[in-house]
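Single-structure report; data block below.
The values are calculated or read from the model by the stated rules, or taken from the named source; none is laboratory data. On a predicted model such as this, the values are computed, not experimentally measured, just so you know. Here the Cβ positions follow ideal geometry from the backbone for every residue, glycine too, while neighbour counts run over all protein chains shown.
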């Protein structure tokens, strides 16, 4: 028995199409392992309701589920334009002024003071990359003058990308700070940080979360040119608890052609360091309005599974689409077929070698032993979730059953590759007792006896104390 659940997990975004307890439960039953709450939209009251619905459905289905708070970050947008649009042509010089209250010809309002950050000569992409411009002047403390490089039409409140601009660590906005404070005591498992440029952005957020008493882990969203420099990218992976390949903004800022390679690099680095990898943006975009995905979308999901991604994410498909539950089901069907018919790529082939060290060596040995003796599962006794994450980094074909006394760790592990988590009290026999309970409940099917490999530490509850591998036959 190699599969009782999909190994690559699904993260679904909640929105108007799924804003009800019934839809949350339907998404979970269809295969969602976690829910993304996009803090660019919606009210705090809606978030409180959504978290309550998620936890209720999780309890009903007896399945830990992760909640991810996605911060908006310095998402820079145009202000309101007259008639909602402005046509521009190559060679025009337009002015974006933070102090401008009303659109006047080629002078337009902007929702961020670009004059404080940009330099002459830097590119600025308007309308999510549809209009390309270059900074030619900074005429005041609130305005920048841009030369337009191609004909096109701008629209109100469309996004602006600044691929070469250094934000100098200033990526948390006042809105983000308010959202972080709101979420600190709201049973949130992960906080996703937008437009990360280096590891210091992660360290800064971690200090803020610790100061607020939050136990949420941090997901770094990689969507800037600065973040994908080789030395910077690995430092970001090491500083964070996981990395999201935010392919939409990354394509605009760095070029669409770099995205497939960066995706592969990030997944490989996350496997190397035992961190969560999330592939996001337009994975099944056609299902916003169609009941079936395209062949290209199926291939995209399958590729992420073959590369060994922990998580694939749905955005508009479940937030605003007409077929949110069907999108999750189609994604699950694709993942399961892929994992049953094609092996996960070796991390070595992605030009990164696995991390060394005792804990990682024991985790790799557990996978090798379990597969050699045809065990039905690997049982990981873990306090923080690190032991299960390290085992998952080897991308076993077997399920990992993680037993922890910490509900937060159990919820966070809901997004970890091939892992199903169970909350039980600490104890020397926690793994064995879980194995017996699963055997008696026929969790792996009807059998006279079953063999499991248990990975644990001699000091139960000690974080990072993994030092023991045992084989147990349950009958």
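The figures follow:
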| item | result |
| --- | --- |
| Residue, nearest to residue 68 (Cα to Cα), within the stretch 296-336, restricted to residues that are without any contact (Cβ under 8 Å) to a residue 12 or more places away in the chain and either more than 17 Å from the chain's Cα centre (by Cα) or in the same structural domain as residue 414 (by TED's automatic domain parsing) (or both) | 333 |
| Conditions (1) within 22 Å of residue 194 (Cβ to Cβ); (2) free of Cβ contacts under 8 Å to residues at least 60 places away in the same chain; (3) part of a helix (DSSP H, G or I): number failed by residue 42 | (3) |
| Any hit, the stretch 439-450, residues being buried (at least 24 other Cβ atoms within 10 Å of the Cβ), over 30 Å from residue 68 (Cβ atoms) and touching a residue at least 12 places away in the same chain (Cβ under 8 Å) | no |
| Options 68, 11, 27, 37; residue that is touching a residue at least 24 places away in the same chain (Cβ under 8 Å), in contact with a strand residue (DSSP E or B) (Cβ under 7 Å, 6 or more places away or on another chain), in a helix (DSSP H, G or I) and over 30 Å from residue 448 (Cβ atoms) | 27 |
| Residue count for the stretch 276-310, restricted to those that are assigned to a loop (DSSP other than H, G, I, E, B), within 18 Å of residue 8 (Cβ to Cβ) and at pLDDT 95 or above | 6 |
| Number of the condition not met by residue 174 [criteria: (1) touching a strand residue (DSSP E or B) at 6+ places or on another chain (Cβ under 7 Å); (2) over 17 Å from residue 115 (Cβ atoms); (3) free of Cβ contacts under 8 Å to residues at least 60 places away in the same chain; (4) surrounded by fewer than 16 Cβ atoms within 10 Å (Cβ to Cβ)] | (1) |
| Lone unmet requirement of (1) at pLDDT 95 or above; (2) closer than 24 Å to residue 173 by Cβ; (3) assigned to a loop (DSSP other than H, G, I, E, B) for residue 95 | (3) |
| Hey, residue 434 in contact with a helix residue (DSSP H, G or I) (Cβ under 6 Å, 6 or more places away or on another chain), surrounded by 17 or more Cβ atoms within 10 Å (Cβ to Cβ) and over 21 Å from residue 273 (Cβ atoms) or not | no |
| Residue in the stretch 114-124 that is touching a helix residue (DSSP H, G or I) at 6+ places or on another chain (Cβ under 9 Å) and without any contact (Cβ under 8 Å) to a residue 60 or more places away in the chain present | yes |
| Test result for residue 260, assigned by TED's automatic domain parsing to the domain that holds residue 308, at pLDDT 95 or above and in a loop (DSSP other than H, G, I, E, B) | no |
| Where residue 80 falls short, out of the listed (1) outside the structural domain of residue 47 (by TED's automatic domain parsing); (2) part of a strand (DSSP E or B) | (2) |
| Residue check for residue 143: farther than 27 Å from residue 247 by Cβ and out of contact with any strand residue (DSSP E or B) (no Cβ under 7 Å at 6 or more places or on another chain) | no |
| Members of the stretch 197-232 that are touching a residue at least 40 places away in the same chain (Cβ under 8 Å) and either loosely packed, with under 15 Cβ neighbours inside 10 Å or outside any helix (DSSP H, G or I) (or both) | 215, 216, 217, 219, 221, 222, 224, 225 |
| Boolean, residue 191 is part of a strand (DSSP E or B), crowded, with 24+ Cβ neighbours inside 10 Å, modelled with pLDDT of 95 or more and out of contact with any helix residue (DSSP H, G or I) (no Cβ under 6 Å at 6 or more places or on another chain) | yes |
| Selection count, the stretch 52-65, where residues are free of Cβ contacts under 8 Å to residues at least 12 places away in the same chain and not in a helix (DSSP H, G or I) | 1 |
| Residues of the stretch 142-158 satisfying the condition of being in a strand (DSSP E or B) and touching a helix residue (DSSP H, G or I) at 6+ places or on another chain (Cβ under 8 Å) | 143, 144, 155 |
| Lone unmet requirement of (1) at pLDDT below 95; (2) assigned to a helix (DSSP H, G or I); (3) surrounded by fewer than 24 Cβ atoms within 10 Å (Cβ to Cβ); (4) touching a helix residue (DSSP H, G or I) at 6+ places or on another chain (Cβ under 9 Å) for residue 363 | (3) |
